[in-house]
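Only one structure is covered here, and it is reproduced in the block below.
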Amino acid sequence: MNKETDAGDSRPDPAVNAATATALAARRIEKEAFQEGWRASASTIPAVAAWGVVSGMAMVKSGMTLWQSLAMTLTVYAGSAQFAVLPLLAAHTPLIVIFLTAMIVNLRFVIFSAAVAPHFAHLPWYRRVWYGYFNGDISMGFFPRRFPAHTVHQPAGKIGFFEAICYPGWFAWQIGAIVGILLASQIPESWNIGFAGTLALIAITIPMIINGAALAGVVVSGAVAVAAISLPYRLGLLLAVVIGMAAAMMADKFIDKEKE
């Protein structure tokens with residue numbers, strides 16, 4: 001009775017085939033999610049680039065050198081924090097004050113991360129740190145809408161979607177900022193180019209207003225930001241974020257009750 005050895009067995013291993021098929025299916029899901037994320041957020045790219053131009057110009061006009069401006073835009077990647085600390089840098093404010101100001105302005109990212117982090121809890125810490133660098137206003141506007149809290153234990157498609165709404169925006173910001181840095185000396189103050197930044201933010205915000213709850217959050221946070229503009233260290237911005245989110249959550253619960 002002849003017995004075929006393992007070395008001569010040319011039959012495919014079912015376990016290997018199953019693992020390969022699973023990996024290909026997962027890759028296809030992430031690719032499709034990336035395409036979906038790109039379609040959802042592509043409209044914000046021009047506005048992000050415009051805001052980056054304003055940021056780059058502001059850094060140079062505040063007295064920073066070319067290399068200092070490039071280092072700041074690549075490492076900080078937070079327009080509101082940059083604008084908050086630039087006057088402090090120009091006034092030679094102590095570093096601890098500058099650092100605390102930036103931290104306070106960026107506290108909203110702690111809220112954003114708390115909302116998104118559970119969806120990536122299955123990833124290694126270094127990948128979570130990597131994605132945390134890119135997490136910001138755009139990702140918070142699109143990711144929770146595509147992946148609500150009840151999908152936290154369903155990882156399929158989340159990485160692809162998140163990368164699609166973050167990576168293109170990062171590149172658009174950096175390209176815009178570099179253009180602003182290089183052209184800062186060529187654009188006169190009379191052009192009031194800073195107003196383009198405000199228009200850019202409006203262009204980013206409008207596509208994210210998809211329902212009554214989102215509209216309530218925008219209106220309330222905008223009103224609070226204006227009313228609290230005199231608070232030190234841009235605390236009015238943080239207050240606007242917290243109250244605006246609370247208003248949106250209350251409006252969402254009210255709308256759900258009306259539907260019942």
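Quickly rank 240-249, 89-98 as a protection proxy: mean count of other C-beta atoms within 10 Å, highest first.
Top of the packing list down: 240-249, 89-98.
For ARG128 and ILE255 in one chain, what is 0.36 nm times their gap in residues minus the Cα-Cα distance, to one decimal in nm?
42.3 nm
Excluding TYR133 itself, calculate the net charge of residues whose Cβ lies under 13 Å from the Cβ of TYR133, where each Lys or Arg counts +1 and each Asp or Glu counts -1. Write down the numbers at each step before the final one.
Working: positive: ARG127, ARG128; negative: GLU163.
Summing Lys/Arg as +1 and Asp/Glu as -1 gives +1.
With label points built 7 Å along Cα→Cβ from the Cα atoms of VAL242 and VAL219, find their separation and express it in nm.
2.4 nm
For the pair GLN68/ARG27, report the inter-label distance in nm, with labels modelled 7 Å from Cα in the Cβ direction.
4.7 nm
Where a number appears in this text, it was derived from the coordinates with a stated rule and is not lab data. Everything numeric in this text was worked out from a predicted model, so none of it was measured. Neighbour counts run over all protein chains shown; Cβ positions are idealised from the backbone, glycine included.
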